[in-house]
1. Over the C-alpha atoms of segment 229-295, what are the Rg and the largest Cα-to-Cα span, Dmax, in Å?
2. Which value in Å does the Kirkwood hydrodynamic radius of the chain take, with 1/r averaged over all unlike C-alpha pairs and then inverted?
3. Lys and Arg at +1, Asp and Glu at -1: add these up for the other residues within a Cβ distance under 9 Å of Ala196 and post the number.
4. Between Rg and the Kirkwood Rh of segment 132-219, both from Cα atoms, what is the Rg to Rh ratio?
5. In deg cm²/dmol, rounded to 500, what helix-only [θ] at 222 nm does the chain give when every DSSP H run of at least 4 residues adds -39500 (n - 2.57) and the total is split over its residues?
6. Residue farthest toward the positive end of the dipole of the chain, with Cβ of Lys/Arg at +1 and Asp/Glu at -1: which of Thr68, Thr135, Leu87?
7. Normalised radius of gyration for segment 173-266, please: alpha carbon Rg relative to 2.2 N^0.38 Å, two decimal places.
8. What's the local net charge at Asp34, with K and R +1, D and E -1, over the other residues with C-beta under 15 Å away?
Amino acid sequence: MTEFPTQPSLQAEPPAPHAGQAGEADRPLLEVRDLVKHYPVRTATLFGAWGLIRAVDGVSFDIARGETLGLVGESGCGKTTTGRCILQLEQPTSGQVHYDGQSLTQIEEMALRKIRRRMQVIFQDPYSSLNPRMTIGQIIGEPLKVHRILPSQGARAQRVAELLNFVGLLPVHGNRYPHELSGGQRQRVGIARALALEPNFIVCDEPVSALDVSIQAQIINLLEELQESFGLTYLFIAHDLSVVRHISDRIAVMYLGKVVELADRQELYENPLHPYTKALLSAVPIPDPLVEAKRESIVLKGEVPSPLNPPSGCAFHPRCPIAISECQGVVPDLREIRPGHWVACIRV
């Protein structure tokens, strides 16, 4: 494990959940309200009519300072699009994103540029997210140069060496190109690049899904150590529930563009309420063969509906084992069933 300095140079709740706090220090770092992102597309009809892909369809949550919120769901449910809309890499169709009290959806470009220093992203693919024509030192030092934080090349080189040390790499790696590094080392470079501008919020977009299992554990441990050392706040996007359970404080489960359940990590895994969450958890293997043999496995019928033509009412009802006729006409609200436990299901 990499040793971190005790005082490094980096500076250090669903819709209405977590909202009973007062004062700026207790205000959530990130507040997302009714976030919507629709993509207009030509449909495969005779006249090529326009349709809408409802990638994100009314997502709301808060993230407290220093917290990790896990965002899970099947491929295509809108997890990555949610993260990109929060960072304003995609312009939301509607909804609000407030970062540290400032609205990111109603802000001028120059002001947003300054805020972007404090909001960074770690991409999913360590192979395609690094410029193959640049050395590792140039890749990590580029944000410092673009934002004019360290105009001197010598100062940037020293800072790059510090960042490489933070993520468990050697200064000599700064002279190498991405193709000369392993997948785990490349992802460490991506983490170092994200840390370069001293952020306090990072979107981790499936940062370990492209890595071997043994390397995944190393990267997760590194992210936890960096969070503790630098006071970071994470939105951790993943589809591997075991990984999310290890690193997250709270977990939001998405299905077809909507959050269907949000709860504390332990509460969600020990007492899932939404039938989709129960199905996801039943697919996670348990190391104990005796417990695994006795556990009920929930197999969902059918396929995930297309976001171009989602079902009426509850989007999950065509595959839901407990659906009733009312589910076809009622869009369930995300309700607080227990303190801190939010579910979108009329049967709960």
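1. Rg and Dmax of segment 229-295, Cα atoms, are 13.2, 43 Å.
2. Every distinct Cα pair counted, the radius reaches 21.5 Å.
3. Within the 9 Å Cβ shell, the charges total 0.
4. 0.96
5. It comes out at -8500 deg cm²/dmol, rounded to the nearest 500.
6. Comparing the listed Cα positions along the dipole, Thr135 ranks first.
7. 1.16
8. 0
Values in this text are rule-based calculations from the coordinates and carry no lab data. Keep in mind that what you see is a predicted model, and the values were worked out from it rather than measured. Cβ sites come from the backbone with ideal geometry, for glycine too, and all protein chains shown count toward neighbours.
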